[in-house]
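Scroll down for the structure; my scribbles are underneath it.
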Amino acid sequence: MYKRLLVENSPSARFKKFHSADQQVSKKKDIARHFEIIAKDYDKFKSMNWYYHETIKNFLKSSIPPGKKVLELGSGTGDILAGLSPTVGLGIDISKEMVALSKKKYPKLHFAQGTVENFRLKQKFDFVVMVDVIEHLYNHKQAFTNLKKQIGKTPFIMTMDNPAWETIMMISEKLGLKMPEGDHVRLSRKDVVRLYQETGFILYETGNLLILPKFVPGISPFVNRTYHTVPFVKTWGLIDYFKST
């Protein structure tokens, strides 16, 4: 069953939806189970919204040259990692089935099952990316604390959906127009920035992309290039991004 959770924008509620260890274990199992279930249809859902996913890929490519060592957290079936053409690519995902599918699709890359909260690294990378994962973390503070410990000052690029679009996304999901999200938590932009600050990351760029997420020839590219110049609209892009070290 679809569940929507929004973190209250108050110090007492920040990053504390799941208080006990038992609740966090249960949350982790629910997240893993959800992605095991949708794994077989994951690529089909992505193809339904190919313009959105291509926008993210192109954004990451603009920041990460080919031939680098890249770590992706929440790597799904491996398309984003493969699209970055790394010399060494490691994808970590909570779903065993996603990892198995990734290995079949991209045998020259490396994939492993794990979570942002608990993964460990044995080598350094040039870039770390995390796309549409933060809303599925079962402990945000633990995840970002561990992430910072593992990657140090490695450039880290994260994207998430703009929380202002949540109602539209819920409706789209119920109509079968997008991938089911499962149980998730939408953090506000302010809470994300605070999370970065509290766990030692240094943000050097934030922004948003894609106010028209469906491709309309001759219209979508122009609108998505120019909406940032329009007051009251310029912060409403569907994709929020954060660049840090």
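Each value in this text was obtained by applying a stated rule to the coordinates, not by laboratory testing. Since the structure is predicted, the reported quantities are computational estimates derived from the model, not experimental observations. Positions of Cβ are generated from backbone atoms using ideal geometry, with glycine treated the same way; all protein chains shown enter the neighbour counts.
No other residue among Thr77, Thr145 is without any contact (Cβ under 8 Å) to a residue 40 or more places away in the chain, among the polar types (S, T, N, Q) and either part of a helix (DSSP H, G or I) or touching a helix residue (DSSP H, G or I) at 6+ places or on another chain (Cβ under 7 Å) (or both) apart from Thr77.
One line per residue, one yes/no per condition, for (1) in contact (Cβ under 8 Å) with a residue 60 or more places away in the chain; (2) touching a Pro at 6+ places or on another chain (Cβ under 8 Å); (3) closer than 19 Å to Tyr52 by Cβ; (4) of a type in the set (Lys, Arg):
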| residue | (1), (2), (3), (4) |
| --- | --- |
| Trp165 | yes, no, yes, no |
| Asp183 | yes, no, no, no |
| Asn208 | no, no, yes, no |
| Ile211 | no, no, yes, no |
| Phe222 | no, no, yes, no |
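Taking the options Asp132, Asp93, name whichever one is over 24 Å from Gln197 (Cα atoms) and either in contact (Cβ under 8 Å) with a residue 12 or more places away in the chain or under 16 Å from the mean Cα position of the chain (by Cα) (or both).
Asp93
Just one of the listed residues (Met160, Met169) is part of a strand (DSSP E or B), over 22 Å from Leu101 (Cβ atoms) and under 16 Å from the mean Cα position of the chain (by Cα), and it is Met160.
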